[in-house]
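Engineer: Encoded as C-alpha cells, here's the structure I'll be asking about.
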Amino acid sequence: MSYVDGFVFAVPKNKKDEYIAYAESFVPIFKEYGALTAVENWGDSIPDGEVTSFPMAVKCEEDEVVCFSWVTWPSKEVREAAWAKMMEDDRFDPEKNPMPFDGKRLIYGGFETIVNA
C-alpha cells in the first residue's frame, strides 16, 4: 500500500495566488523524488468547531483560509528516502523560497494507507 504525507495550515486570503505559485513549484520536486501525486486544496467549507476543528487546530485568523494538502508515495521507504534528500535540496531552503504562510502553525504527519477504494 502507498504512504501519504498530510498537511493542514492557514494561508492569508490575500496570498492565494502566491500560495498557488509556491505549491506548484514544489510538485515537480516531490515527483522527482518519487511522489505519485501532490494535491493542494483551498478551504471553502470549513466549519468552526466547539471542541476542535481545522480552523482551531491551525489557529486560523479571520483573514486566513485553511488549506489541506497531501503527497502520496509508493511506500514509506520511498517517502523517508525522499525527505532525507529534499531536506538537503536548496530548493527547499526557506530562506531562498519562503513559505507564504506561518509554518509554525502547519500540522503534518505521515500516514500508512489502510483502505484505498
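The values are calculated or read from the model by the stated rules, or taken from the named source; none is laboratory data. Keep in mind the model is a prediction, meaning the values are calculated, not measured. When we count neighbours, we look across all protein chains shown, and the Cβ atoms used for this are built from the backbone with ideal geometry, even at glycine.
Engineer: Give me the pairs: first residue in segment 95-110 and without any contact (Cβ under 8 Å) to a residue 24 or more places away in the chain and within 12 Å of TYR19 (Cα to Cα), second residue surrounded by 11 or more Cβ atoms within 10 Å (Cβ to Cβ) and of a type outside the set (Lys, Arg), beta-carbon distance under 7 Å, and six or more apart or on different chains, which are they?
Structural biologist: Going by the 7 Å Cβ cut-off, there are no qualifying pairs.
Engineer: Now a separate question. Would you check which residues across segment 50-79 are modelled with pLDDT of 95 or more, among the acidic types (Asp, Glu) and more than 18 Å from THR37 (Cβ to Cβ) and list them?
Structural biologist: Matches in segment 50-79: GLU61, GLU62, ASP63, GLU64.
Engineer: Here's another thing I want to ask about it. On the given criteria, is ASN41 among the polar types (S, T, N, Q), out of contact with any Gly (no Cβ under 6 Å at 6 or more places or on another chain), outside any loop (DSSP other than H, G, I, E, B) and farther than 18 Å from SER2 by Cα?
Structural biologist: yes
Engineer: Can you name the number of the only condition in (1) modelled with pLDDT of 95 or more; (2) closer than 18 Å to PRO100 by Cα that PHE26 fails?
Structural biologist: It fails just one condition, (1).
Engineer: Tell me, which residue of segment 1-38 that is of a type in the set (Phe, Trp, Tyr) and assigned to a strand (DSSP E or B) is nearest to ASN116 (Cα to Cα)?
Structural biologist: The qualifying residue nearest to ASN116 (Cα to Cα) is TYR3.
Engineer: Filter segment 62-73 for residues that are out of contact with any Leu (no Cβ under 6 Å at 6 or more places or on another chain) and surrounded by 13 or more Cβ atoms within 10 Å (Cβ to Cβ) and give the result.
Structural biologist: Residues satisfying the conditions are GLU64, VAL65, VAL66, CYS67, PHE68, SER69, TRP70, VAL71, TRP73.
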